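Here the structure comes first, spelled out in structure tokens, and everything after it is commentary.
The values are calculated or read from the model by the stated rules, or taken from the named source; none is laboratory data. Only a predicted model underlies this, so the values are computations on that prediction, with no experimental measurement involved. Ideal geometry is used to build each Cβ from the backbone, glycine not excepted, and the neighbour counts take in all protein chains shown. Ligands, DNA and RNA are stripped out before the accessible areas are found, and what is left, the full protein with its side chains, is counted by its heavy atoms. Shrake-Rupley method; radii C 1.70, N 1.55, O 1.52, S 1.80 Å.
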Amino acid sequence: MKKPMSVNPQSDPPDLVAMVASRICHDLIGPIGAIVNGLELMEMAGDMPGPERDLVADSAESASARLRFFRIAFGAAGDQAIGRSDIETLLGQVWRDSRLQVIWHPEGAQPRSAVKLAFLALLCCEAALPRGGQADVIEAEGSWTVAASGDAITMEPQLWDWLEGAGEVAALIPAKVQFALLPLLAGQAERQLHAAHDATSLTLRF
């Protein structure tokens, strides 16, 4: 693992483009590697139906879901809206085999720019819930809340101080790039980001 670099988001922002690319590659290498292994097993088995095909199908679905999720979370926001059913389906696929349960509450289609912030907030919550839990995404009159809870919350104080606006320097690695992007993009959208947490819950509002 590369040594984290210390950055100040105000005076020397990190190379977020490169870190986003690293983050995507890091998260996709697992399911894509499983696809390769599955194909090899299919070849050895004479391309017969069985668990080998299931492995390929599951891995391909996981890779596709993650890629679509990251495209929204890390890509250009745009002005188009995203339907609720599409969002719920995507979240269900991304966290299908996870201990984290994500519940999407907003009704109807939502602006892609707001969904982007919500997805980044979910990634921040996921990082703090290694043993799983529940994360609820709520929207009320244009204000968004991502509230998560679990039995054990693991916080990295510098990163969360950064979200709360109390910190200046944080050790950042590609897997935690969402902590840099969320406050940056919230500010660009003229939204005030508020973060709070205790021993079993955490909340992000914007």
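Worth a mention:
- The charge dipole of the chain, taken about the Cα centre with unit charges on the Cβ atoms of Lys, Arg (+1) and Asp, Glu (-1), comes to about 280 debye, rounded to the nearest 20.
- Computed Rg/Rh of the chain, alpha carbon atoms with Kirkwood Rh: 1.00
- 3J(HN,Hα) along the range 178-193, derived from phi through the Karplus expression 6.51 cos²θ - 1.76 cosθ + 1.60 where θ = phi - 60°, amounts to 4, 5, 7, 6, 4, x, 5, 6, 4, x, 5, 8, 6, 10, 8, 8 Hz, with x in place of Gly and Pro.
- The phi-based Karplus calculation (6.51 cos²θ - 1.76 cosθ + 1.60; θ = phi - 60°) puts the 3J(HN,Hα) values of the range 155-163 at 9, 10, x, 4, 5, 6, 4, 4, 4 Hz, whole numbers, x for Gly and Pro.
- Carbon + sulfur, % of accessible area of the range 105-197 - ligands and nucleic acids excluded, 1.4 Å: 47
- Under the Karplus curve 6.51 cos²θ - 1.76 cosθ + 1.60, θ = phi - 60°, whole-Hz ³J(HN,Hα) for the range 67-81, x wherever Gly or Pro sits: 4, 5, 5, 5, 4, 6, 5, 10, x, 5, 6, x, 9, 6, 9
- Rounded accessible area per residue of the range 53-206, 1.4 Å, Å²: 48
- Under 5 Å, built H, 5+ apart or other chain: amide partners of Leu100: Gly133
- Once the C-beta distance of Asp136 and Glu43 is scaled by a Förster radius of 25 Å, the resulting FRET efficiency is 0.05 to the nearest 0.05.
- Considered as an equivalent ellipsoid built on the Cα gyration tensor, the range 54-173 has semi-axes of 23, 19, 15 Å, the largest given first.
- The largest accessible area among Cys25, Cys125 belongs to the first residue in Cys25, Cys125, and the rest follow in falling order (1.4 Å probe, all chains).
- Where GluC sites (Glu not before Pro) in DSSP loops with at most 11 other Cβ within 10 Å are excluded, longest remaining stretch of the chain: 1-106
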